[in-house]
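Visitor: Before I ask anything, let me first share the structure, which is written out below as structure tokens.
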Amino acid sequence: MDDRRVGEPFAAVLRRFREARSLTQEELAERAGITVKAVGALERGERRRPYPHTVRSLADALDLGDDERAALVGSLPARPDAAAPAPPAERHPAGVDGPRPSGTPLLGREDAVDGLVAVLTGGGARLVTLTGPGGVGKTRLAAEVLARAAEQFPGGAAFVDLAPVREPALVMPRVAEALGVTEGVAGVSAAGLAAHLSGRRVLVVLDNLEQVLGAAVPIAELVDRTPGLAVLATSRAPLRVRAEREEPVPPLALPPGDALDDPGAVAASPAVAMFLDRAAAAGAALEVTAENAAALGAIASRLEGIPLALELAAARARLLPPEALLARLDSRGLEAGPGPRDLPDRQRTMTAVLDWSADLLGPGEAGLLARLAVFSGGFSLDAVEALDPPGSPGSHGDPFAALATLVEQSLVTPVPPPDGQPRFRLLEPVRQYAAARLHASGAAVATADAHAVWQREAAITAGIRLQQPRIGSVLDRLEGDHANLRSAYLRLLELDRPGDAAEIAGSVWLYLALRGRAREGLAWLDRASGPMSDVARCRAAVGRMGLLLVVGDVAEIRRVADGLPPTVARAGGPLLELEYRMLAGLASVFVGDLAEARRLLDLVLGADPGVDAAWVAAHALLGHGQLALVAGDLDLAEATLAEAVGAARTLGNEFTLATALNTAVSVHEVRGGADDEVAAAALLGEALDLSLRLRMSWTLGYAVPAIAGLAARAGDPGSAATLYGATARLDASDAVNPHFPPSRATAASGLVAARDALGEAEFLAGWERGRAATPQDVAALARRVVAEVGGGAGGAGGAGGAGGAGGARGVSGRAAP
């Protein structure tokens with residue numbers, strides 16, 4: 001049967017076939033792997049020329065027979081380039097064909113232009129591909145390079161726009177036309193074109209190659225056969241030929257995140273400069289001021305420094321001041337409004353730009369792109385596979401292969417991994433676009449549920465790993481996934497699963513403590529109230545006790561411990577029960593209930609040797625050392641703490657070792673002899689270096705005020721005042737409130753000594769210097785004090801910067817966990 005109806009447009013044919021199968025637009029979109037919006041646009045005739053793979057997907061989804069398939073394809077209007085090549089651009093025999101650089105300044109790309117001109121003119125590479133996401137400025141950069149390099153190509157320089165071309169076979173004819181070939185253009189081959197170009201030195205820009213990557217081999221052949229030819233291509237994906245040199249084009253540089261209150265630093269950012277230039281073109285005379293610097297920096301960051309996104313947003317600056325525009329971006333996302341009329345239709349909104357990219361994807365890749373919107377901040381390969389396990393019912397295929405395609409198409413961005421495992425992210429405009437597609441597909445709820453389940457399981461696994469050796473990469477991965485943990489936690493609360501939500505916070509309490517998020521963790525646990533399993537209840541209680549130890553609320557720790565029935569404690573398993581007893585024992589030490597402390601800590605140390613509880617046992621041993629110190633038995637305290645340091649070294653857990661070193665300092669502080677100062681300096685130097693290298697704010701918060709006390713006792717009250725001021729600058733919401741009496745007394749006396757030695761005015765000046773100091777400056781000063789007091793024995797072996805020096809700090813002592 002012939003299903004063709006003369007003159008029937010594609011929109012009507014598609015709607016007729018869909019209705020004949022009793023499918024809704026939503027059902028057809030899901031089957032075809034495209035959006036409902038796309039189906040609607042096709043049936044309304046708003047999109048008259050869908051891409052060939054889109055037509056194939058629709059035909060497959062409708063299960064069309066041969067005649068029906070021919071009718072659907074036959075109803076498509078002929079593409080202008082399908083019947084005849086597009087008319088050539090105006091040519092100049094030895095000049096530049098195609099667009100000149102626009103009148104807009106090229107911001108933040110000067111070095112890139114110089115480098116590309118040098119490569120293309122100097123023979124460093126003759127086939128260079130600029131890759132990057134849509135709107136990042138590849139075309140603008142290529143046009144600038146063409147203009148600057150043209151005079152060095154006497155045989156001609158041409159710009160070939162391939163955006164209208166959909167068939168790879170039509171690429172070579174377009175290149176031939178642009179280069180002035182007039183005979184046999186329609187069937188020109190690489191060999192034939194190379195013969196025409198023989199002896200000429202020519203530069204060609206091939207713009208928008210991503211939809212005709214099948215032409216990569218002929219292009220490579222043309223370059224190989226034409227020694228005088230240099231090709232600069234732009235594409236969202238590399239060509240993957242041997243002659244190619246790929247040059248990724250990154251977004252424009254953003255202002256430093258810690259300098260958004262500095263108008264000079266914000267104005268110096270190319271991304272902000274781009275926004276201001278385009279805002280001025282739209283009639284908004286903006287300058288960076290102290291009042292608007294933070295909003296302008298946030299706009300640039302929100303748009304990820306993507307030039308087209310900045311230009312589209314700047315078009316609204318005439319009506320909206322920066323603060324209002326930022327709020328609109330936060331609430332409305334991508335659609336700030338259409339851009340300048342002289343932009344191509346596919347670039348007048350970010351949605352149109354990303355539609356262009358998404359239409360080049362297969363159904364599996366498009367589906368994965370949508371699901372990736374569920375991640376906040378970034379994601380790892382194992383997290384992607386957890387959303388769509390290969391081989392599972394309803395699986396969309398191999399997620400690794402689909403992810404690789406998305407990376408190649410510049411829709412997914414690789415980022416440096418914290419733990420050696422590949423890690424990726426979506427630029428924010430891409431994530432918003434993907435989220436819209438995910439909601440349109442109807443899979444948003446199921447994807448969010450799968451994400452929450454995965455993050456809970458990952459949190460429990462990470463909590464176990466934090467009690468083992470070499471925890472730096474675990475901390476870094478958890479920090480990279482912090483936004484994912486938060487969104488999963490909130491999703492579980494929405495699903496009325498408070499126990500699962502509480503297990504996330506309870507499992508990673510040590511991460512939250514070490515990276516300055518103790519108050520946030522306690523707030524998570526407070527919200528996760530309601531019926532839950534005994535295991536979840538136990539895990540939440542242990543997490544709460546650990547975080548309360550950070551903030552110094554030891555009375556509340558004892559209340560939590562007393563309120564946990566023995567049956568619930570046992571339900572968490574032997575290791576969790578021992579951790580609960582260890583934390584309760586430490587709290588008893590700090591409030592002076594030494595008999596109860598000894599009972600609880602002995603239970604931990606006398607546990608079944610079959611339980612792998614080395615981490616808990618090491619901290620229980622530290623608690624026994626503190627107990628001896630509070631009881632006044634310095635010899636026993638010194639011996640016990642030395643044993644604890646040895647156990648920590650054997651365990652290889654950096655947090656445990658830094659804690660043991662910090663705690664061992666207390667004996668030397670109480671004794672106060674000259675040799676004790678040297679010994680304390682050596683211990684503090686190692687603890688400082690460990691804390692800086694792993695960015696452990698909890699242990700760093702104990703070491704820095706102790707080093708301030710060391711400086712005060714060594715006759716350096718200026719350094720002491722600065723270090724005490726630095727500790728006071730830290731976020732009060734995560735400040736440690738220590739309750740270990742010997743350390744509290746020692747730190748208080750150091751503070752008084754520094755103030756008395758300097759006088760009130762000079763002490764306050766030093767204090768303010770410390771409050772204003774950078775983490776790097778604080779670390780350098782602390783290391784200098786340690787080296788001077790210890791005779792060079794401490795603090796020199798550390799690695800890493802002082803990043804992460806924020807978080808819990810107290811100037812009156814240390815509470816060893």
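The values are calculated or read from the model by the stated rules, or taken from the named source; none is laboratory data. Please read all numbers here as calculations on a predicted model, not as lab measurements. For neighbour counting, all protein chains shown are included, and Cβ atoms are generated from backbone atoms with ideal geometry for every residue, glycine included. For accessibility, only protein heavy atoms count, side chains too; no ligands or nucleic acids. Shrake-Rupley method; radii C 1.70, N 1.55, O 1.52, S 1.80 Å.
Visitor: Pop the C-beta distance of Asp633 and Arg744 into the FRET formula with R0 = 22 Å and round what comes out to the nearest 0.05.
Guide: E between Asp633 and Arg744, to the nearest 0.05, is 0.70.
Visitor: Report, in degrees rounded to the nearest 10, the 0 to 90 angle that the Cα long axis of helix 594-605 makes with the longest principal axis of the chain.
Guide: 50 degrees
Visitor: Report the Cα centroid-to-centroid distance between the stretch 544-618 and the stretch 243-279 in angstrom, as an integer.
Guide: 51 Å
Visitor: Please state, as a whole number in µm²/s, the translational diffusion coefficient that the Stokes-Einstein equation yields for the stretch 416-540 at 37 °C and 0.692 mPa s, with Rh defined as the Kirkwood radius across alpha carbon pairs.
Guide: It comes out at roughly 213 µm²/s.
Visitor: Label Ala259 and Glu151 with points 7 Å out from Cα along Cα→Cβ: what is the distance between them in nm?
Guide: 3.5 nm
Visitor: Tell me the accessible surface of His624 in square angstrom (1.4 angstrom probe, heavy atoms of protein chains only), to the nearest ten.
Guide: Around 30 Å² of this residue is reachable by solvent.
Visitor: Turning to a different aspect of this structure: Work from the charge dipole of the chain (Cβ charges, +1 for Lys and Arg, -1 for Asp and Glu, about the Cα centre) and give the residue of Val645, Val145, Ala195 farthest towards its positive end.
Guide: Value: Ala195.
Visitor: When all C-alpha to C-alpha distances in the chain are sorted into bins of 20 Å, what percent of pairs does each bin hold, rounded to whole numbers?
Guide: 14, 36, 30, 16, 3, 0
Visitor: Taking 8 Å as the Cα distance limit and 6 or more residues as the minimum spacing, I'd like the relative contact order of the stretch 448-514 as a percentage.
Guide: 48 percent
Visitor: Let me ask another. Would you mind computing, in nm to one decimal, how far apart the modelled labels at Asp398 and Arg649 are, each placed 7 Å from Cα along Cα→Cβ?
Guide: In this crude label model, Asp398 to Arg649 measures out at 4.9 nm.
Visitor: Can you tell me the orientation of helix 654-671 relative to the chain, as the angle in degrees between its alpha-carbon axis and the longest Cα principal axis, to the nearest 10?
Guide: Tilt of helix 654-671: around 30 degrees.
Visitor: From the phi angles alone, apply the Karplus equation (6.51, -1.76, 1.60; θ = phi - 60°) to the stretch 630-645 and give each ³J(HN,Hα) in whole Hz, x where the residue is Gly or Pro.
Guide: 5, 6, x, 9, 5, 5, 5, 4, 5, 5, 5, 6, 5, 5, 5, 4
Visitor: Explain nothing, just compute: Karplus ³J(HN,Hα) = 6.51 cos²θ - 1.76 cosθ + 1.60, θ = phi - 60°, for every residue of the stretch 116-126 in order, whole Hz, x for Gly and Pro.
Guide: My calculation for the stretch 116-126 gives 5, 4, 5, 5, 6, 8, x, x, x, 7, 10 Hz in order.
Visitor: Would you mind classifying the stretch 566-642 by shape? Square roots of the alpha carbon gyration tensor eigenvalues, ordered a ≥ b ≥ c; an a/c under 1.5 is rounded, otherwise it is prolate if a/b is larger than b/c and oblate if not.
Guide: Oblate.
Visitor: Quick one: Debye curve from the C-alpha atoms of the stretch 622-758, no solvent, what's log10 I(q)/I(0) at q = 0.10 Å⁻¹?
Guide: Result of the Debye calculation: -0.31.
Visitor: Here is a follow-up. Between Leu76 and Arg242, how many nm apart are label points set 7 Å from Cα along the C-beta direction?
Guide: Those two pseudo-labels are separated by 3.4 nm.
Visitor: Dipole of the chain, Cα-centred, from +1 at each Lys and Arg C-beta and -1 at each Asp and Glu C-beta, to the nearest 20 debye?
Guide: The dipole magnitude comes to about 1220 debye.
Visitor: Turning to a different aspect of this structure: Work out the FRET efficiency for His196 and Ala281 from their Cβ-Cβ distance, taking R0 = 30 Å, and round it to the nearest 0.05.
Guide: Using R0 = 30 Å, I get an efficiency of 0.10.
Visitor: Here's a follow-up. Among rounded, prolate and oblate, which fits the stretch 467-509 when a ≥ b ≥ c are the square roots of the eigenvalues of its C-alpha gyration tensor, a/c under 1.5 means rounded, and a/b larger than b/c means prolate?
Guide: Cα axes put the stretch 467-509 in the oblate bin.
Visitor: For the chain, what proportion of DSSP beta bridges, expressed in % and rounded to the nearest 5, is antiparallel?
Guide: DSSP beta bridges in the chain are roughly 20 percent antiparallel.
Visitor: Tilt of helix 216-225 relative to the longest C-alpha principal axis of the chain, in degrees (0 to 90, nearest 10)?
Guide: 70 degrees
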